[in-house]
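A quick write-up on the structure given underneath.
Taken together, the values in this text are just the output of simple stated rules run on the coordinates, not laboratory data. Note that the structure is predicted; figures quoted are calculated from it, not measured. Cβ sites come from the backbone with ideal geometry, for glycine too, and all protein chains shown count toward neighbours.
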Amino acid sequence: MLPSEAINGFFAEIAPFSSAYGSATVSMLCRTKYDGSLVVLKVVVRLDPLAKPPVKAPMRFAGKLAAIFSINDVGAFVRHLAEGSPVQTPYGMAVFDPSVGDANAAEMQALDSRGLTSASRLTTLRLRGSGWANIHQPDTDWALRAQEIPYSDLADLSSEYGFGEVIDGPNVMEVEAYNVAVVDPTSTVKGEQSNIRVRMARGLDPSKITVGVKVMADGQTFERLLFKGGSMDWSVAEDNPDIRVGNGYHTVPENALLHCYVSYAGAPLHSYWVRDEAVIPNSLRLVMESFDPGLEKTKRGFATVPITSRNSKVQDDLEHAVGAILWMLGFAVYRLGASTMTDAVDLIARSPAGHYLMIECTTGPLKAEKRANLKKRTAEVQASLAQSWHGWAKAIPVLVTSEATAVADTSVAEARKEGIATFTVEEMQFIVENRTLLPQSADALMQELQAQIEKGRLAIQ
């Protein structure tokens with residue numbers, strides 16, 4: 001797609017919600033020129049009206065600048081950068097070297113898979129430029145460790161400043177339009193009374209909000225209903241004056257489970273399960289929570305830690321967490337990641353129908369060598385199955401990282417193109433909170449993975 005087509009498509013897609021996008025946060029990494037001007041290596045423009053904008057001082061190191069700042073005219077900022085025109089920033093004039101006339105230089109996704117994995121609308125624009133990032137390693141990482149405010153490496157810096165993964169390759173501009181209304185996690189079911197709460201950006205019209213609700217009781221659909229924003233009680237959020245909170249109430253059976261879907265002007269935005277904390281329809285998760293209340297220990301296994309603090313215990317915690325989740329999803333799981341079996345995948349998971357997941361866990365980026373080893377081992381297993389009358393059985397490679405999506409996004413995209421299913425920390429957290437709640441068919445999940453791998457991308461909803 002040509003950059004101009006992608007940009008026009010992006011702003012047309014988010015036009016129904018434009019009143020909520022009054023400003024945006026810019027995270028960028030630039031090279032500083034001798035005259036003080038800036039050449040953009042990576043820039044991410046985030047429209048996220050439900051989040052408080054981060055505040056950080058700029059970071060200068062090794063002839064580069066990392067910075068976060070706010071802008072108001074998002075359209076002009078993006079279009080000028082894409083055209084190669086200089087734009088004013090709080091730290092000097094910045095220029096992005098565009099790719100002119102390249103039909104493959106841009107991509108727009110109305111429903112980005114990163115949003116789908118958390119059941120939340122996310123519209124994205126990605127432009128590849130003609131410049132080159134020239135990230136010299138390990139020089140850059142060592143320069144960061146010597147700063148007055150030290151960082152362990154570039155991934156550590158990018159995680160804090162929000163410009164995502166940066167590699168030696170073309171300069172990149174990304175624009176991300178996050179959700180404008182969501183079902184609030186503080187929604188409750190207590191006894192026979194439910195309270196559905198919606199958080200909405202201030203610029204929106206409450207009368208255009210709708211919340212669809214599927215009420216489940218004793219494993220069956222009991223009722224379907226629709227809340228209209230005009231009949232909900234609205235007030236200003238206590239934690240953020242730029243957010244409004246709407247409340248809707250409905251009588252439900254005791255121990256009900258509610259699947260809620262919020263929309264604005266007919267466009268679906270977010271879905272969320274609301275339940276009494278004591279209600280866990282999936283018996284496997286119920287048993288797990290008998291020993292790990294709220295799955296808090298399991299969730300800690302996905303905690304992202306600085307690379308300099310990572311050790312075998314952190315890796316063990318991640319592998320145990322992944323194994324626990326797969327077990328709750330209905331897989332039979334065996335852990336191979338022991339010191340005596342270093343030349344092996346970390347986990348093997350088998351579905352009831354006899355298909356297999358070959359799983360590698362990592363607390364860092366999805367390096368090319370790790371991806372190649374995983375594909376090689378999976379291919380060997382697939383060949384062995386075929387030679388022993390089990391050629392019908394599938395073996396699927398899976399990589400799980402405790403890195404955030406924003407940090408690992410580039411290597412995740414490469415892995416998915418190579419036919420590897422991948423999960424970042426946010427995706428695993430969503431699975432813990434949502435997919436493990438109801439009884440699951442491991443074989444149906446295998447089919448989802450296989451279908452998405454064949455498309456070159458993964459989006460478990």
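Remarks
- Sorted from longest to shortest, the spans of the Cα atoms of the stretch 283-455 along the three principal axes equal 43, 38, 35 Å.
- Distant alpha-carbon pairs in the stretch 3-177 (separation over 27 angstrom), percent: 24
- Added length on full extension, which subtracts the Cα-Cα distance from 0.36 nm per residue, GLN450 to ALA386: 21.3 nm
- Length-normalised contact order for the chain - Cα pairs under 8 Å, 6+ apart - percent: 13
- The distance between label points at ALA344 and ALA217 comes to 4.9 nm (points 7 Å beyond Cα on the Cα→Cβ vector).
- Farthest toward positive dipole pole in the chain [+1 Lys/Arg, -1 Asp/Glu at C-beta], among VAL189, TYR272, TYR161: TYR272
- Paramagnetic reach from VAL100 (point 7 Å along Cα→Cβ, amide N under 19 Å) across the stretch 17-43: 39-40
- Computed over the Cα atoms of the chain, the ratio of the radius of gyration to the Kirkwood radius (Rg/Rh) comes to 0.98.
- Sequence-distant lysines (8 or more away, or on other chains) whose Cα lies within less than 25 Å of LYS394: LYS367, LYS370, LYS375, LYS376, LYS417, LYS455
- Integer Hz, Karplus 6.51/-1.76/1.60 couplings in order for the stretch 411-423, x for Gly and Pro: 5, 4, 4, 5, 4, 5, 5, 7, x, 10, 6, 10, 9
- Of the residues MET93, THR124, GLY229, the one whose Cα sits farthest towards the positive end of the charge dipole of the stretch 93-233 is GLY229 (charges of +1 on Lys and Arg Cβ, -1 on Asp and Glu Cβ, taken about the Cα centre).
- HN-Hα J in Hz across the stretch 140-157 - Karplus 6.51, -1.76, 1.60, θ = phi - 60°, x for Gly and Pro: 5, 4, 5, 5, 5, 6, 9, 6, 4, 10, x, 10, 5, 5, 5, 5, 4, 5
- Put the Cα centre of the stretch 341-377 next to the Cα centre of the stretch 192-233 and the gap is 41 Å.
- Dipole check for the stretch 3-177: with +1 at the C-beta of Lys and Arg, -1 at the C-beta of Asp and Glu, and the Cα centre as origin, the magnitude is about 320 Debye.
- Each Lys and Arg adds +1 at its Cβ and each Asp and Glu adds -1 at its Cβ; summed about the Cα centre, the stretch 345-461 shows a dipole of about 340 debye.
- Student exercise, the chain dipole from Lys, Arg, Asp, Glu Cβ charges, in Debye to nearest 20: 260
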